[in-house]
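Novice: Please find one structure pasted underneath; my questions will follow.
Values quoted throughout were computed directly from the atomic coordinates according to the rules given, and no laboratory measurement underlies them. Just so you know, these numbers come straight off a predicted model, no measurement behind them. Neighbour counts are summed over all protein chains in view; Cβ atoms, including those assigned to glycine, are modelled from backbone coordinates with ideal geometry.
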Amino acid sequence: MSQNSMTRRGLLQATAAAALISAMPSRSHAQSSPKRGGMLRIGHSGGATSDSIDPATYAAGPVVTAMLGGVCNNLAEVDAAGKIVPELAESMEPSPDAKVWTFKLRKGVTFSNGKPLTPEDVIASFNHHRAKDSTSGAKAILSEVVDIRKDGEAVVFELKSGNADFPFLTAEYQFVIMPANTDGTLNWKSGIGTGGYTLESHEPGVRIKLKRRSDYWKADHAWFDEVELLTINDATARQNALLTDQVDVINSVEIKTLPLLQRKAGITIEEVTGTAHYLWPMWCDSEPFKDVNVRLALKYAVNREELLQKILRGHGHLGNDSPIAPANRFYAADLPQRAYDPDKAKFHLKKAGHDTLKVELSAANAAFAGALDAATLFQASAAKCGIDINVKREPDDGYWSNVWLKKPFVTGYWNGRPTEDSMFSLVYAKGADWNETHWSNDRFNQLLLEARSSLDENKRRDMYHEMQQLVSDDGGAIIPMFSNYIDARNDKVAHGKLASNRFFDGWKLIDRWWSAA
């Protein structure tokens, strides 16, 4: 946004330019031109036997990559430059106060069963998360939406207050568009979407198979004939699958074995920097974490520089207990970096009434590559602060459904979000379903609403700055580091410029990549 006063034209330009995400160039880019044909085989982390194609259950893993980038589309998407652009929408028009957004739908778009896309399908897709009995993790994101209605061939969203970043919300992976039933509910069980592929089969926690449709409305996307996504949660197994030609591309390459892949002919490392971060969330409403001094003691007990070098091998940057990354537009770069300080840790323990402290930390490498090693390093650095951390190793399978959000001190991972409002609303707002720290701060929640609706660039920057300070000093998330996205591919597949809002080209590789064979 301009530093000067905001006009309606400026608002539109600002929405398109928001959340630019810096990207590191890949070691090489595809040299071939896009062409039809071939099969894409993906080795993917994060799959579980509890996976479902119900968008209300999406968290991470192969299902999201398959549905977001293959089977379905959204109203808008984040492009390779980090800009928000229309996808199923032809245009995205705000009212002067940004409280009402009108999305005009593209003509000629059909679902894979031949049914034309209608406003009713869009409304059902969003109301699936808004319903009174919905347990969707994205329900809180839509709490600002007062009404969704049809206006001719357009869909109108009416908000409680202005939100200049609202189109970014429609691009979130939970908000894929699926067909509506006659009663207005969402027909998600059919697995039907408007994307370039049909869902041929889904074995939860094992594999997903997709087949290209011939009538995709994006003529210059969806190049492969077939796509297979294999759940390979173990990082070493994923790497071996790539090296032995069982798959063409893998995500979340284990950094300690990165040199091996870099030396292998025919393998290209794809590395971009975005907003992904590792963390240890604590429940702020449970003992001993209810006391902010205990939370601060644990934050000072983390040797962040050691983690960055030993876990990420320098492929990332230090975290400061806030989820807002240097790639975000309103990143508070001037906040003092919290460093490892046993004396300060002991000071805060003393203020909390403790000479020593014993806590249990649940961890599994399903959270992120090297999570168990990171927990062990945390255990060692905390011991010098009078804190005894018992690292409980949890099963990788089902970690996100059985441990995360279920236990008071766990290992976590977030891809981050392109806007500050989205990240804060999803995870740190009072009452958010994914508020993994059970944190509630009145000042923070007040600023969250004000920053969302303000069109004054300087005011928004100041408010987001204060919010990052509040999360860092009072919140329950220990965020020691941000990681680069590191994927790897063989020379059988190719791509254009990579998006860096998430790994796998913004989870859109199925839609955007092609065969180079």
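Novice: Per residue and in Å³, how big is the convex hull formed by the alpha-carbon atoms of region 311-354? Don't skip to the answer; put the middle values down first.
Specialist: Numbers: hull volume 5.2 nm³, N = 44.
Cα-based convex hull of region 311-354, divided per residue, equals 118 Å³.
Novice: Same structure again: Percent of alpha carbon pairs in region 277-483 separated by more than 31 Å? Numbers along the way, then the final one.
Specialist: Numbers: 2970 of 21321 pairs.
Cα-Cα pairs of region 277-483 separated by over 31 Å account for 14 percent.
Novice: Using +1 at the Cβ of each Lys and Arg and -1 at the Cβ of each Asp and Glu in the chain, identify which of GLY205, LEU312, GLY162 lies farthest towards the dipole's positive end.
Specialist: LEU312
Novice: Nearest 500 deg cm²/dmol is fine: what mean residue ellipticity at 222 nm does the chain get from its DSSP H runs of n ≥ 4 alone, each adding -39,500 (n - 2.57), divided by its residue count?
Specialist: So the helix-based figure for the chain works out to -7500 deg cm²/dmol.
Novice: Can you flag which of LYS83/LYS459; LYS107/LYS508; LYS150/LYS211; LYS160/LYS406; LYS139/LYS508; LYS104/LYS459 are past 25 Å Cα-Cα?
Specialist: Table pairs above 25 Å Cα-Cα are LYS150/LYS211; LYS160/LYS406; LYS104/LYS459.
Novice: Name the aspartates and glutamates eligible as straight-distance cross-link partners of LYS492: C-alpha to C-alpha under 17 Å, and not fewer than 8 places from it in the same chain.
Specialist: List returned: ASP225, GLU226, GLU228, ASP245, ASP248, GLU270, ASP505, ASP511.
Novice: Given axes a ≥ b ≥ c from the Cα gyration tensor, I'd like to know whether region 443-511 is rounded (a/c under 1.5), prolate (a/b larger than b/c) or oblate. Intermediate results must be reported in sequence, preceding the final value.
Specialist: Details: a/c = 3.95, a/b = 2.08, b/c = 1.90.
Prolate, since a/c reaches 1.5 and a/b exceeds b/c.
Novice: To the nearest 0.05, what FRET efficiency results for GLU226 and LYS115 with a Förster distance of 30 Å applied to their C-beta separation?
Specialist: So, using R0 = 30 Å, E works out to roughly 0.80.
Novice: Can you put ILE141, ILE42, ILE148 in order of Cβ neighbours within 10 angstrom, beginning with the fewest? Present the calculation step by step, with values, prior to reporting the outcome.
Specialist: Details: ILE141 24, ILE42 28, ILE148 19.
Final ranking by Cβ density, sparse to dense: ILE148, ILE141, ILE42.
Novice: Mind ranking 318-326, 100-108 by how tightly packed they are, going by the mean number of other C-beta atoms within 10 angstrom, highest first? Show your work: numbers first, answer last.
Specialist: Values: 318-326: 23.4, 100-108: 17.2.
My ranking of the peptides, most packed first, is 318-326, 100-108.
Novice: Convert 4 °C to kelvin, take the viscosity as 1.567 mPa s, use the Kirkwood radius over C-alpha pairs of region 86-131 as Rh, and evaluate the Stokes-Einstein diffusion coefficient in µm²/s, rounded to a whole number.
Specialist: Values: Rh = 12.0 Å.
Reported coefficient: 108 µm²/s.
Novice: Could you size up the charge dipole of the chain around its Cα centre, putting +1 on the beta carbon of Lys and Arg and -1 on that of Asp and Glu, and report it in debye to the nearest 20? Before the final figure, lay out each step's value.
Specialist: Values: 60 positive and 64 negative charges, 135 e Å.
It works out to roughly 640 debye.
Novice: Of the options ALA339, ALA235, THR275, report the single residue whose Cα projects farthest towards the positive end of the charge dipole of the chain (beta-carbon charges: Lys, Arg +1; Asp, Glu -1).
Specialist: Highest projection toward the positive end goes to ALA235.
Novice: Please report, largest first and rounded to whole Å, the three semi-axes of the ellipsoid equivalent to region 368-472, where each semi-axis is the square root of five times an eigenvalue of the C-alpha gyration tensor. Could the numbers behind the result be given before it?
Specialist: Values: eigenvalues 198, 55, 32 Å².
The three semi-axes for region 368-472 are 31, 17, 13 Å.
Novice: Take the Cα coordinates of the chain, assign each an equal point scatterer, and use the Debye formula without solvent to give log10 I(q)/I(0) at q = 0.07, 0.09 Å⁻¹.
Specialist: With no solvent term, the Cα-only Debye profile gives -0.37, -0.62.
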